[in-house]
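First comes the structure, then the notes that go with it.
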Amino acid sequence: MLVTLEEAKNYLRVDTVDDDRLIETILSAAHQMSMDILRTDDPAVLEQEADAKVAVLYATAYLYEHREEADHKALVLSLRALLSGSRKEAF
């Protein structure tokens, strides 16, 4: 994976192991969302993009901090803005 659990926890400023499973699940979703924005099924494509790590960390933080009231449309628009230069025109 592009972002490890430890990197995500550091970014989120989480020091305990209490939310590890939740963060891993959100991290996986953030990776998939970023790949969907890039319109690819290949994780290697995500790993080659300069802004991909920032996008995955941003999505992870957003979903973790707003898990009760996340605005997924706003999140997708933000990810599209971050990854727009690398996005394929179609699948």
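Quick note: the coordinates plus some simple rules give every number you see, no bench work behind them. All values derive from a computational prediction rather than experimental measurement. Please note: Cβ atoms are built from the backbone with ideal geometry, for glycine as well, and neighbour counts cover all protein chains shown.
Of all residues in region 17-44 being without any contact (Cβ under 8 Å) to a residue 24 or more places away in the chain and hydrophobic (A, V, I, L, M, F, W, C), which is farthest from LEU79 (Cα to Cα)?
The selected residue is VAL17.
Hey, can you tell me all the residues within region 77-88 that are assigned to a helix (DSSP H, G or I) and of a type in the set (Lys, Arg)?
Step one: list which residues in region 77-88 are assigned to a helix (DSSP H, G or I), which gives 77-86.
Residue satisfying the conditions is ARG80 alone.
Sort out which residues of region 57-76 are more than 17 Å from ASP19 (Cβ to Cβ) and in a helix (DSSP H, G or I), and write them in order of number.
Hits for region 57-76 are TYR58, HIS72, LYS73, ALA74, LEU75, VAL76.
Report yes if some residue within region 70-86 is under 9 Å from the mean Cα position of the chain (by Cα) and among the polar types (S, T, N, Q); otherwise report no.
Within region 70-86, not a single residue is under 9 Å from the mean Cα position of the chain (by Cα) and among the polar types (S, T, N, Q).
May I ask you to list the residues in region 2-18 that are surrounded by 14 or more Cβ atoms within 10 Å (Cβ to Cβ) and either acidic (Asp, Glu) or in a loop (DSSP other than H, G, I, E, B) (or both)?
Selection gives LEU2, VAL3, GLU7, VAL14.
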